[in-house]
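The values are calculated or read from the model by the stated rules, or taken from the named source; none is laboratory data. Note that the structure is predicted; figures quoted are calculated from it, not measured. Reconstructed Cβ throughout: ideal geometry from the backbone, glycine too, with neighbour counts over all protein chains shown.
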Amino acid sequence: MIGRSGVDRPVGLEVDHVGVAVHDLDEGSAPWRLLGLPVADDETVAEQGVRVRMLRAGDTEIELLAPLDASSPIARFLSRRGPGVHHVAFRVEDVEAELARLLREGARAVDLTPRPGRAGSRVAFLHPSWAGGVLVELVQPADPERSS
């Protein structure tokens with residue numbers, strides 16, 4: 001495949017979404033809405049202690065994450081770092097197989113087994129120390145049409 005730079009390169013994983021931690025979904029949505037991004041949906045993911053708002057940006061999404069309470073991982077992130085980019089998520093067809101492959105190759109994981117994500121997806125996180133300070137999420141959508 002020829003990339004945007006004009007250089008021939010292999011096709012890799014596609015970005016599913018970029019997660020952004022915010023204190024409040026409405027306030028956090030304002031700049032993205034001003035850019036013209038429509039709200040795709042809102043959801044509460046109680047298992048992860050967050051309220052989520054998805055905004056469409058072409059073939060990917062911006063995922064705003066607001067804490068349900070002070071004990072949630074997003075609340076801890078916000079207290080340490082403030083609002084901002086939380087993670088980059090890549091769409092995979094089989095999260096267990098991709099996680100196993102990456103672990104065999106030396107990746108450091110937060111999750112050794114996938115967990116439930118939003119919209120019925122299955123997700124696993126790779127440790128930021130492995131990816132240059134970036135938390136990486138592998139996401140297997142519940143809808144096979146969204147898989148890579």
Taking first residues from region 7-31 that are more than 15 Å from GLY82 (Cβ to Cβ) and modelled with pLDDT under 95 and second residues anywhere that are among the small types (Gly, Ala, Ser) and surrounded by fewer than 20 Cβ atoms within 10 Å (Cβ to Cβ), the pairs with Cβ under 7 Å that are 6 or more apart or on different chains are ARG9/GLY3; LEU13/SER148; GLU14/SER148
Restricting attention to region 62-76, the residues that are surrounded by 13 or more Cβ atoms within 10 Å (Cβ to Cβ) and either more than 10 Å from VAL50 (Cβ to Cβ) or acidic (Asp, Glu) (or both) number exactly 3
*Hey, any hits in region 84-92 for a residue that's farther than 19 Å from VAL139 by Cβ, modelled with pLDDT of 95 or more and not in a loop (DSSP other than H, G, I, E, B)?*
yes
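Would you check which residues across region 38-55 are assigned to a strand (DSSP E or B), among the hydrophobic types (A, V, I, L, M, F, W, C), at pLDDT below 95 and out of contact with any Gly (no Cβ under 8 Å at 6 or more places or on another chain) and list them?
ALA40
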Those residues of region 95-142 which are in contact (Cβ under 8 Å) with a residue 12 or more places away in the chain, under 23 Å from VAL52 (Cβ atoms) and in a loop (DSSP other than H, G, I, E, B) amount to VAL110, ASP111, THR113, PRO114, GLY117, SER121, HIS127, VAL134, PRO141, ALA142
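Let's see how each residue does on (1) of a type in the set (S, T, N, Q); (2) surrounded by 17 or more Cβ atoms within 10 Å (Cβ to Cβ); (3) more than 20 Å from GLY12 (Cβ to Cβ); (4) in contact with a helix residue (DSSP H, G or I) (Cβ under 7 Å, 6 or more places away or on another chain):
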{"site": "LEU35", "(1), (2), (3), (4)": "no, no, yes, no"}
{"site": "PRO38", "(1), (2), (3), (4)": "no, no, yes, no"}
{"site": "THR44", "(1), (2), (3), (4)": "yes, no, yes, no"}
{"site": "ASP94", "(1), (2), (3), (4)": "no, no, no, no"}
{"site": "ARG108", "(1), (2), (3), (4)": "no, no, no, no"}
{"site": "PRO128", "(1), (2), (3), (4)": "no, no, no, no"}
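Residues LEU25, LEU102: which one is surrounded by 13 or more Cβ atoms within 10 Å (Cβ to Cβ) and under 20 Å from LEU126 (Cβ atoms)?
When all the criteria are applied, what remains is LEU102.
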